[in-house]
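Structure first, then comments.
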Amino acid sequence: MFRDAFESLDDFAEFCSPRAEVAQFIDNLKLSYARTIVKRLSQIDTKDFDHYIYYTIIVFVRMRPTLDKLSVIDPEIGNMLAECKVRFRPQIEDLVRQFQWGSV
């Protein structure tokens, strides 16, 4: 749902050319969505690696520009992301090994 909402906001901003105050409101909504996703990401248990990967793809691929902006506004977001990378590093390394040696 986050991905869909984020894409809807992007589509509206792109195709409707909203006034400046509406564009600012959209930008604030996107920042709020990104913040919510990062907080959710930091709460995922390491046994739920599939959820972590799904949210990570949304954050780092789809929301990257907003995430970069948010990290400047709220440095704690960067700390949360760094902590997640450390917690999930063993699973990520295992996944990379599977791709290197597996059936990709």
TODO: May I ask for the percentage of alpha-carbon pairs in the chain that lie more than 23 Å from each other?
DONE: 36
Task: Alpha-carbon spread of the stretch 43-104, three principal axes, descending order, Å - done: 41, 21, 15
Task: Net length gained if the chain between residue 46 and residue 76 were fully extended (0.36 nm per residue, minus Cα distance) - done: 8.7 nm
Task: At R0 = 25 Å, FRET efficiency that the Cβ-Cβ distance of residue 3 and residue 97 yields, to 0.05 - done: 0.35
Open item on the list: Within 15 Å, Cβ to Cβ, of residue 23, how many net charges do the neighbouring residues add up to if Lys/Arg are +1 and Asp/Glu are -1?
Closed with: -2
Task: the chain, relative contact order in percent, only Cα pairs under 8 angstrom and at least six apart counted - done: 28
TODO: Whole number in Å², please: accessible area per residue of the stretch 24-86, 1.4 Å probe, ligands, DNA and RNA not counted.
DONE: 57
Open item on the list: Could you work out how much longer the chain between residue 21 and residue 36 gets when fully extended? Use 0.36 nm per residue separation minus the Cα distance between them, nm to one decimal.
Closed with: 3.1 nm
Task: 222 nm mean residue ellipticity, helices alone, for the chain (DSSP H n ≥ 4; -39,500 (n - 2.57); rounded to 500) - done: -27500 deg cm²/dmol
Task: the stretch 1-76, accessible surface, carbon-and-sulfur percent (1.4 angstrom probe) - done: 57
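The values are calculated or read from the model by the stated rules, or taken from the named source; none is laboratory data. Given the structure is predicted, the values throughout are model-derived calculations rather than measurements. When we count neighbours, we look across all protein chains shown, and the Cβ atoms used for this are built from the backbone with ideal geometry, even at glycine. Heads up: the accessible areas ignore ligands, DNA and RNA and are worked out on the full protein's heavy atoms, side chains in. Shrake-Rupley method; radii C 1.70, N 1.55, O 1.52, S 1.80 Å.
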